[in-house]
Amino acid sequence: MNERGKFGSKLGIVLATAGSAVGLGNIWRFPYMTGQNGGAAFLLLYIGCILLLGVPGMISEFIVGRHGQANAATAYDKLSGGRPWKLVGYLGILTSTIILGFYAVVAGWCCEYLFASLAGRTLGDADYINNYFATFSTNLWRPMLWGVAFIVLTHLVVIRGIRNGIERASKWLMPILFILLLVLVVASCSLPNAMEGVRFLLMPDFSKIDSSTVFEALGQAFFSLSLGTACLCTYASYFSHDTNLLKSASQIALVDTMIAILAGLMIFPAAFSAGVRPDSGPELIFLTLPNVFQQVFGGVPVVAYIVSIMFYALLVFAALTSTISMHEIGTAFFTEELKLPRKKSAWIITTVASVLCVLCAWSVGAFDGLQLFGIPLMGFCDQLTANFMLPLGGMLACLFVGWYIPRQTVWAEFTNDGTKNVPFHRIFLFAVRYLCPICILIIFLHQLGIL
Ligand code: PHE
């Protein structure tokens, strides 16, 4: 397809992949998962999962994508000579569409907060801030309209192919997000009682670790790296021949982890200071951040106003670079595999994700009876994808690369034909053949109570 090779520069594609990884997973999901799983001990497990399982998994998806030069399902199909490995690609497409559905709800919340900040409506005391979220999220229309609008915005970017523009914008906006996060970390740490939050994030209490903490950390690591949806595989199909896969995976993992830790350092001190419980769940950042803006910058209202607008705008942008990648997986698949026009393919994904988004938005708001297995639909989709589908997809990618495709191909892709990373090749093979699949399997079996 002509879209292939759309990404402008070498830096551009790596940035786009980093843009997929860095998003609400880091700034919204990481703090709330850490809050619910006891803090620092969870952070350590998360970092362990990123290093031992995440990086090899990312490289595996990169290898399949770059070698296959096609959307995920077709790439698996090509490399396996028509065996059912194609299903891994299908699994990725399904997973990313479900993620798009509930992720858009949170992206919509960010849009609401952006506009509310513009109108100066988010500043007030802690009670006001709590009520604001409760009133907004239980409204029948607003959360769902924002969510669907966000998916349509993603759709427009995907079909217009203006990703080049987005890439160029990322070069500026991502570093600004980073700097703003640093500013907010300092601001949050200067609040009264903030050190308790820092301790919560950085001083591990190992008694809090149990099998479900490990399970959640694994899910969070994969979610944050966009690993297991075949998204990395689809993006790697646009990589150039001399992209260094090990280096790119390590850089992306490093940036991604740093942003998550900064987000934690921004949220927990402020949460402890404002008396917001760290295990408040998905609304954690929306209950906490307005307090930072208010208390730290409130003395100079213009600064509070500007900082809050900038923050939500950057968050919306970071979310968009991630939703584009989720959308792209299915769109590329329908276009290449079913030979549908790109626009039509994009509409299929947009429609399915929008329906899911509306139901998810209602399940945590207007219709809280919308549950599956006793969990609101939104939480169900989140847990199903992050904790099961992503690790499963990642594990299958490792097994495929480790055991199925010819060693020569893996070697050529991993070392760029013997020019790079040769000493790490054996370690990589060990990781994808044994370490990753066995660890993920053990974590699964343990969680299911079988082991
Ligand atoms: N990694 C993204 C984030 O952290 C979410 C994502 C998951 C993107 C899966 C694509 C695929 O926000």
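Any idea which of Ala319, Ala304, Ala313, Ala332 is within 16 Å of the ligand (Cβ to nearest atom) and more than 20 Å from Cys357 (Cα to Cα)?
Just a single option satisfies the conditions, and that option is Ala332.
Checking the conditions here, which among Leu232, Leu262, Leu254 is modelled with pLDDT of 95 or more and either closer than 27 Å to Leu392 by Cα or β-branched (Val, Ile, Thr) (or both)?
Unique residue meeting the criteria: Leu254.
Could you check region 220-246 and list, in sequence order, the residues that are within 13 Å of the ligand (Cβ to nearest atom) and assigned to a helix (DSSP H, G or I)?
Answer for region 220-246, where residues must be within 13 Å of the ligand (Cβ to nearest atom) and assigned to a helix (DSSP H, G or I): Gln220, Ala221, Phe222, Phe223, Ser224, Leu225, Cys231, Leu232, Cys233, Thr234, Tyr235.
Would you say Lys78 is free of Cβ contacts under 8 Å to residues at least 40 places away in the same chain and within 27 Å of Ile438 (Cβ to Cβ)?
Against the criterion (free of Cβ contacts under 8 Å to residues at least 40 places away in the same chain and within 27 Å of Ile438 (Cβ to Cβ)), Lys78 does not qualify.
With Ala40, Ala72 as the choices, which residue is buried (at least 23 other Cβ atoms within 10 Å of the Cβ) and more than 11 Å from the ligand (Cβ to nearest atom)?
Ala72
Of the residues that make up region 369-384, is at least one open to solvent by 50 Å² or more (accessible area, probe 1.4 Å), in contact (Cβ under 8 Å) with a residue 24 or more places away in the chain and not small (Gly, Ala, Ser)?
Within region 369-384 (the criterion being open to solvent by 50 Å² or more (accessible area, probe 1.4 Å), in contact (Cβ under 8 Å) with a residue 24 or more places away in the chain and not small (Gly, Ala, Ser)), the answer is yes, since at least one residue qualifies.
Got at least one residue in region 137-155 being more than 16 Å from the ligand (Cβ to nearest atom), among the hydroxyl-bearing types (Ser, Thr, Tyr) and either within 22 Å of Ser322 (Cα to Cα) or free of Cβ contacts under 8 Å to residues at least 60 places away in the same chain (or both)?
no
Out of Leu181, Leu153, Leu145, which single residue is surrounded by 15 or more Cβ atoms within 10 Å (Cβ to Cβ) and over 27 Å from Thr385 (Cα atoms)?
Residue meeting the stated conditions: Leu181.
Which count do you get for residues in region 133-149 that are over 26 Å from the mean Cα position of the chain (by Cα) and assigned to a helix (DSSP H, G or I)?
1
Quick check: anything in region 239-247 within 30 Å of Trp347 (Cα to Cα) and modelled with pLDDT under 90?
Yes, some residue in region 239-247 is within 30 Å of Trp347 (Cα to Cα) and modelled with pLDDT under 90.
Being aliphatic (A, V, I, L, M), modelled with pLDDT of 95 or more and open to solvent by less than 40 Å² (accessible area, probe 1.4 Å) narrows it down to one residue among Ile99, Ile129; which is it?
Ile99
Go through (1) of a type outside the set (Phe, Trp, Tyr); (2) assigned to a helix (DSSP H, G or I); (3) more than 15 Å from the ligand (Cβ to nearest atom); (4) surrounded by 24 or more Cβ atoms within 10 Å (Cβ to Cβ) and name the single condition Thr17 misses.
Of everything listed in (1) of a type outside the set (Phe, Trp, Tyr); (2) assigned to a helix (DSSP H, G or I); (3) more than 15 Å from the ligand (Cβ to nearest atom); (4) surrounded by 24 or more Cβ atoms within 10 Å (Cβ to Cβ), Thr17 misses just condition (3).
So Leu435 fits all but one of (1) under 22 Å from Ser80 (Cα atoms); (2) touching a residue at least 24 places away in the same chain (Cβ under 8 Å); what number is the exception?
It fails just one condition, (1).
Taking into account only those residues within region 270-287 that are part of a helix (DSSP H, G or I) and farther than 12 Å from Thr122 by Cβ, which is modelled with the lowest pLDDT?
This residue is Ala274.
Given the criteria crowded, with 19+ Cβ neighbours inside 10 Å, within 16 Å of the ligand (Cβ to nearest atom), of a type outside the set (Asp, Glu) and at pLDDT 95 or above, does Leu356 qualify?
yes
What are the pairs, 6+ residues apart or on separate chains, where a residue within region 15-33 that is more than 15 Å from Ile261 (Cβ to Cβ) has its Cβ under 6 Å from a residue that is near the ligand (Cβ under 7 Å from one of its atoms) and assigned to a loop (DSSP other than H, G, I, E, B)?
From region 15-33, the pairs are Ser20/Ser226.
The values are calculated or read from the model by the stated rules, or taken from the named source; none is laboratory data. Here the structure is a predicted model, which is why all the values come from computation and not from measurement. All Cβ positions, even for glycine, are placed from backbone atoms using ideal geometry, and neighbour counts span all protein chains on display. Side chains included, ligands, DNA and RNA excluded: accessible areas come from the protein's heavy atoms. Shrake-Rupley method; radii C 1.70, N 1.55, O 1.52, S 1.80 Å.
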